Amino acid sequence: MTRTWIVATATLGLGLASMTALAADQTPAPGMGPGKGRGMMEVTKADFDARTEQQFKNLDANGDGTVSRAEFKAAQDKRFAGMDANKDGKLDRADRMARRDKLRDNMPCRDMDGPDMDAPKK
């Protein structure tokens with residue numbers, strides 16, 4: 001259980017650190033697509049700060065300005081439940097494929113008819 005919390009905390013920290021690095025430079029690099037920016041979206045420091053503030057508020061279920069272990073675990077459980085497409089209490093390839101398809105269907109660019117990168121290796 002402690003190892004899970006350590007891994008989850010480290011993952012969250014690395015994610016926030018990488019988003020901070022992206023947000024530090026507010027001048028978009030020239031891109032190849034029509035937006036000429038950083039892929040599908042540009043992230044300014046103000047955007048980043050607003051998003052992380054909102055994420056914290058979302059975790060702080062009782063609004064007391066802190067996130068307890070119970071609040072953090074509840075958010076993890078909710079995310080897991082959302083990823084467990086067949087509701088069997090485990091994440092497997094079928095769940096990954098269902099999530100991939102759901103995310104792909106919601107993307108503005110739907111031209112993704114290339115090879116299936118998650119196909120089993122032969």
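In this structure, is Asp113 among the charged types (D, E, K, R) and at pLDDT 85 or above?
Values: among the charged types (D, E, K, R): yes; at pLDDT 85 or above: no.
Answer is no for this residue.
If you go through segment 46-77 and keep only what is charged (D, E, K, R) and either surrounded by 11 or more Cβ atoms within 10 Å (Cβ to Cβ) or touching a Ser or Thr at 6+ places or on another chain (Cβ under 9 Å) (or both), you end up with Asp47, Asp49, Arg51, Lys57, Asp60, Glu71, Lys73.
Among the residues making up segment 73-86, a single one is touching a helix residue (DSSP H, G or I) at 6+ places or on another chain (Cβ under 8 Å) and charged (D, E, K, R): Asp84.
Being in a helix (DSSP H, G or I) and over 19 Å from the mean Cα position of the chain (by Cα) is the filter here, so list the residues in segment 65-93 that pass it. Steps first, please.
Looking only at segment 65-93, we keep the residues that are in a helix (DSSP H, G or I), and these are 69-83, 93.
Residues satisfying the conditions are Arg69, Ala70.
Here Leu103 meets the list (1) of a type in the set (A, V, I, L, M, F, W, C); (2) surrounded by 10 or more Cβ atoms within 10 Å (Cβ to Cβ); (3) within 23 Å of Thr52 (Cα to Cα) almost entirely, failing just condition (2).
The values are calculated or read from the model by the stated rules, or taken from the named source; none is laboratory data. Worth saying up front: this structure is predicted, and the values here are computed from it rather than measured. Cβ coordinates were reconstructed from backbone atoms using ideal geometry, including for glycine residues, and neighbour counts include every protein chain displayed.
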